[in-house]
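Data block below; observations after.
The values are calculated or read from the model by the stated rules, or taken from the named source; none is laboratory data. In this text, all values refer to a predicted model and were calculated from it rather than measured experimentally. Note: ideal-geometry Cβ built from the backbone for every residue, glycine included; neighbour counts use all protein chains shown. These accessible areas exclude ligands, DNA and RNA; they are computed on the full protein's heavy atoms, side chains included. Shrake-Rupley method; radii C 1.70, N 1.55, O 1.52, S 1.80 Å.
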Amino acid sequence: METIKENKKFIPHKRTSIRAKLQLVIVVLVCISTLLIALAAIKSILKSYETVNKDLVIALVTRYQHSTQHQTETMQSILEPFVANYQNKKIPAATLEQIKSIVRSAKYNDGDGYFFLYDSVGTVMAHGDDPMLEGKNLLNVRDPHGLPVIELLRNAAQQGGGFVTYYWNKPSDLIGRYKKISYATMLKNTTWWVGTGIYLDHVDQVVGDIRDQQEVILKHLLIQFLVLTVTLIIFSLIMSLYFAARISKPIIALSRIAKKISGGNYEVRAKIERDDELGDMAGSFNNMADSINEKIKDLVHKERYTAHLLESIADGVMVTNAENKIVQVNRAAEIIFNYARNELINKNVCSLIPEDLREDYKVNVLDQVFLGKTITNYNVMRFNKDGAELALAVTVAPIVEDDGSIYLRVHSIKDMTEQYDLKNQIRHMENLKKYFPNQIIEKLIEGDGKVSLGYDRRKLTIFFSDLVGFTELSDALEAEEIISILSEYLTSMSNIVYKYSGTLDKFIGDAIMVFFGAPTTAGLQLDAINCINMALDMQEKLTELNQSWNLAAPLNVRIGINTGFVTVGNFGSDIRLEYTIIGTPVNIASRLEHDCKPGYILISYETAQLVKDKFILHEVEAIKLKGIYRLVKAFEVVRRV
């Protein structure tokens with residue numbers, strides 16, 4: 001037994017050949033090389049992904065910041081002209097309501113984008129998302145992380161404008177909280193600040209989706225690399241080198257593409273057509289570039305929205321630079337000046353002003369605006385491209401940059417030509433007010449065809465009045481006193497005539513002739529009723545005047561009224577015309593006044609039939625009037641019903 005053990009003890013071990021060792025070394029080297037290549041490739045890919053993702057986030061956030069600031073400054077430029085005239089003054093309620101309406105109605109980004117207006121203490125003045133917040137103080141409102149959002153926005157606005165990033169809900173999702181960046185700035189001449197914000201969850205979503213794709217691809221790639229390592233150990237170092245070279249080339253290409261994308265070239269695409277993970281990676285890069293490109297287009301769309309907002313303004317709007325060249329113009333300005341947009345762009349704004357007014361416009365408007373002032377309602381008369389005269393009211397306001405510098409100015413132009421022509425028309429018609437009430441003048445100015453001053457046959461109600469006792473009074477008082485009493489009497493009576501829309505035909509000493517129904521009519525019956533009401537008011541007014549005059553014997557008035565067909569129109573010579581009436585009914589009204597007792601109103605049967613339901617009448621005996629072949633039935637007006 002011992003001998004056998006000793007023999008076993010000295011049996012030689014099987015040695016590994018050098019070739020096997022070399023093969024093992026080669027395999028190990030191939031494995032290590034493959035792993036190193038894999039690690040280097042993965043590291044390069046991870047670094048490229050990190051660079052692309054970081055640059056993508058920066059690019060998108062920067063674009064959102066620019067868009068938010070641009071939206072806010074556009075709203076600022078729209079609102080500031082409303083408050084430009086009220087420095088240190090209370091802004092009228094109507095103007096304030098206009099400002100609030102603009103802030104409430106302005107939307108963008110499918111309704112998720114809205115504007116808000118606060119005062120200096122954090123009270124909501126207007127809110128585009130939730131009007132119920134208006135009037136509430138939200139200074140102490142905080143986001144889910146405890147950030148005092150409103151206070152920070154107010155501070156940023158008071159420091160010249162700035163950004164605040166926080167978490168907030170959406171109009172479309174009142175429960176969720178989304179990352180949001182807002183920009184706020186002050187409204188000039190007020191303690192108010194306006195702002196808006198853009199949600200950043202799209203950025204996180206885009207980057208998160210891309211990262212998920214990257215992780216999946218990297219996992220698949222790692223598995224492939226492990227499989228590739230085993231394969232390379234089997235197939236030799238040459239194959240490992242071959243595959244390493246094949247793998248590294250597209251990775252380097254993708255890295256270069258990633259650098260181009262991070263540099264802002266969003267049109268570059270990976271031209272790698274492979275049916276493996278590297279092909280998927282190239283597709284991922286291309287999808288990422290497409291996504292970035294779409295986001296950029298979306299931001300451009302939002303900028304175009306701002307341009308559409310400018311076009312929606314009814315007044316003409318032009319933006320000029322430091323050289324007084326027009327750089328932006330809306331459709332309303334094209335219409336006002338009758339120039340195409342390409343004719344106005346780069347045109348010196350002074351060339352649109354009459355030559356004799358250009359220097360004054362430059363010194364008193366343009367130069368003053370560059371000093372930070374806002375010039376409002378500067379009136380300019382000019383001729384447009386077709387030679388037509390225009391009356392313009394121009395308001396020019398500066399666009400102040402964050403550093404206080406001014407490079408651009410906004411010109412708001414109102415076409416006041418129609419108002420100007422109307423004023424001239426009214427000025428030319430002023431003399432008619434001596435003959436007609438304001439209602440008639442307005443219809444004459446409107447020119448609607450309802451008022452005719454030609455000859456016409458109409459049924460009218462005619463009024464005559466005469467003061468009783470005025471002749472005797474003239475002999476007892478001085479001329480100045482008589483003139484004063486007569487002037488006060490006729491003025492008071494004229495006001496009553498105009499109150500009831502009568503046509504004051506003429507004064508004959510202290511007598512008055514009025515008719516109803518021409519050149520305008522309220523209807524035959526209503527014309528007669530207005531005439532009787534006017535007569536009663538005249539009697540009441542004379543009672544008041546008698547008390548103020550304190551005469552020894554008070555004055556009385558006789559009034560005669562008749563209704564009938566007369567000829568109405570302009571009568572006279574080539575030198576002077578008078579709008580009046582002629583006909584027998586006029587004579588009857590005059591004779592009724594002569595036969596009327598002082599202090600009474602005597603009306604004809606024709607008039608009485610029109611007004612009998614509105615007044616208490618007392619029939620008198622038929623009267624034989626001078627120049628009238630028949631007896632005339634008459635009635636005294638007692639009082640209103």
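Database remark: amide H of Asn330 closer than 5 angstrom to the amide H of Val317 (H placed geometrically; neighbours at sequence offset of 5 or more, or on other chains; Pro and chain starts carry no H).
The shape of the stretch 485-641 comes out rounded: with a ≥ b ≥ c from the C-alpha gyration tensor, a/c is under 1.5. Length gained on full extension, Phe565 to Asp360, computed as 0.36 nm times the residue gap minus the Cα-Cα distance: 67.6 nm. Protection proxy ranking, highest mean first, for peptides 536-548, 178-190: 178-190, 536-548, where packing is the per-residue count of other beta-carbon atoms within 10 Å, averaged.
Taking label positions 7 Å along the Cα-Cβ direction at both Ile406 and Leu477, the computed distance is 6.3 nm, reported to one decimal.
Ranked by the mean number of other Cβ atoms within 10 Å of their residues, highest first, the peptides 212-225, 600-613 fall in the order 600-613, 212-225. Using only alpha-carbon positions in the stretch 564-616, the gyration tensor eigenvalues give semi-axes of 28, 14, 9 Å once each is multiplied by 5 and square-rooted (largest first). Within the shell defined by Cβ-Cβ distances under 13 Å, the residues around Asn324 carry a net charge of +2, with Lys and Arg each +1 and Asp and Glu each -1. Here the dipole of the stretch 517-618 is about 180 debye; that uses its Cα centre as origin and unit charges on the Cβ of Lys and Arg (positive) and Asp and Glu (negative). Ligands, DNA and RNA aside, Lys362 has an accessible area near 70 Å² when probed at 1.4 Å. Per-residue packing, averaged as other Cβ atoms within 10 Å, sorts the ranges 74-84, 554-564, 322-332 into the order 554-564, 74-84, 322-332, beginning with the highest.
Applying the Karplus relation 6.51 cos²θ - 1.76 cosθ + 1.60 with θ = phi - 60° to the stretch 605-614 yields 3J(HN,Hα) values of 4, 4, 6, 4, 5, 7, 10, 5, 7, 10 Hz, where x marks Gly and Pro.
When only alpha carbons are used to place a centre, the stretch 534-582 and the stretch 453-520 end up 3 Å from one another. Only lysine pairs 8 or more places apart or on separate chains count here, and in the stretch 89-240 those with Cα atoms under 24 Å apart total 21.
Near Gly113, the amide H atoms lying under 5 Å from its own belong to Tyr108; only residues 5 or more places off or on other chains count, and H is placed 1.01 Å from N.
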